[in-house]
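Undergrad: Take a look at this one; I'll ask things after.
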Amino acid sequence: MFPVLRKILVIRFSSIGDIVLTSAVVRCLKQQLKDAEIHFLTKTQNEPVLRANPYIDKIWLYDHNFSDLIPQLKSQRFGFIIDLHHNFRSAYVKRQIGVKSASFPKLNIEKWMAVHLKINILPDIHIVDRYFKAAGSLGIFNDGLGLDYFIPAEDQVALASLPETYRQGFIAIVIGGKHNTKIFPPEKVAAVCKTVSLPVILLGGKEDREHGEQIVKQAGAGVYNGCGLFNLNQSASVIYLASAVMTNDTGLMHVAAAFNKRIVSVWGNTIPAFGMYPYLPEKFKSNSLIAEVKGLPCRPCSKIGFSTCPKKHFKCMNEINIDPIVNFLKVQP
């Protein structure tokens, strides 16, 4: 066990989903290191994800300028740095602060081989468990309680504020995503909406609203287009209220996992083997359904995504069978 550590700095710059995935490590650090202060360094846009987390004592925000930030960090006299990003920026921070640190295994070579050579030697380990390896030298262990997400009081959506037909149960469907090749096509989403037994709320940003209107037009009554109407924490609150969630491989998927929701995650050009599928405690493992087309020779075509399918056919999404999805989502409120 390490000597008593007063201040620990955790680094993860992006993205929202990755920040949620660090929550288990943060909780275990705070609970297992007596009297430790837990500080977290991330990009400014990720602050809402961490704002209400009771296990974080101070949030440091990076806005693409280290000149003022580094002296402030150095003045904190951190005892240890846990690098959960492991890139050139986090390496720069560690070098400037100059204290003991540890990083998680990023598996870049294994991912490159899976994408470019279609050789899968990826270990069967979730990224959350890889994050814990960076805290292992401090004696920190995974408590098995899954992820956390804390919604500030001002962003909590009241069930009574939703249309009356939604108050007896609804399905949240996350239709957005940073890359188009990770987005379930609107016509496929509409087909799911038309078949499930509960009403649906669509979630996404303002940029997804047009797709949401397409889905509403195709699916008919019982689908509410919430895209662009909720901020991040409010969207998380809607997911908390939902009976079940269908989502692309995106940040809100991990939010749903933090609430142990019944989740259908839809996978296109990326693969769950990269280790970022819904992370659920053992007793909730059956709450997860992976929807994907296995055996496509072109998949995975990227570890992140593209604006359009490189092969032009988009089989990884277009050929997903919605029947298992609908059956999984036929839950009672």
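What follows draws every value from the coordinates through simple rules; no lab data is involved. Worth saying up front: this structure is predicted, and the values here are computed from it rather than measured. Here the Cβ positions follow ideal geometry from the backbone for every residue, glycine too, while neighbour counts run over all protein chains shown.
Undergrad: Given the conditions (1) of a type in the set (A, V, I, L, M); (2) farther than 28 Å from Ile121 by Cβ; (3) part of a loop (DSSP other than H, G, I, E, B), which single one is not true for Val326?
TA: The one condition Val326 does not meet is (3).
Undergrad: I'd like to verify a number: residues in the stretch 11-55 that are acidic (Asp, Glu), farther than 19 Å from Phe88 by Cα and part of a helix (DSSP H, G or I), how many?
TA: Qualifying residue count, the stretch 11-55: 1.
Residue-wise test of (1) polar (S, T, N, Q); (2) under 23 Å from Cys316 (Cβ atoms); (3) surrounded by 24 or more Cβ atoms within 10 Å (Cβ to Cβ); (4) touching an Asp or Glu at 6+ places or on another chain (Cβ under 6 Å).
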site: Val200; (1), (2), (3), (4): no, no, yes, no
site: Gly212; (1), (2), (3), (4): no, yes, yes, no
site: Ile215; (1), (2), (3), (4): no, yes, yes, no
site: Ala221; (1), (2), (3), (4): no, no, no, no
site: Gln234; (1), (2), (3), (4): yes, no, no, yes
site: Tyr240; (1), (2), (3), (4): no, no, no, no
site: Val245; (1), (2), (3), (4): no, yes, yes, no
site: Pro272; (1), (2), (3), (4): no, yes, no, no
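Undergrad: Looking at Lys106, is it in a loop (DSSP other than H, G, I, E, B), farther than 22 Å from Ile56 by Cβ, without any contact (Cβ under 8 Å) to a residue 40 or more places away in the chain and charged (D, E, K, R)?
TA: Against the criterion (in a loop (DSSP other than H, G, I, E, B), farther than 22 Å from Ile56 by Cβ, without any contact (Cβ under 8 Å) to a residue 40 or more places away in the chain and charged (D, E, K, R)), Lys106 qualifies.
Undergrad: Select from the stretch 9-23 the residues that are over 8 Å from the mean Cα position of the chain (by Cα) and surrounded by 24 or more Cβ atoms within 10 Å (Cβ to Cβ) and list them in ascending order.
TA: Within the stretch 9-23, Leu9, Val10, Ile11, Arg12, Thr22, Ser23 meet the criteria.
Undergrad: Of everything in the stretch 293-323 that's in contact (Cβ under 8 Å) with a residue 24 or more places away in the chain and not in a loop (DSSP other than H, G, I, E, B), which residue is farthest from Pro199 (Cα to Cα)?
TA: Looking at the filtered set, the residue picked out is Cys316.
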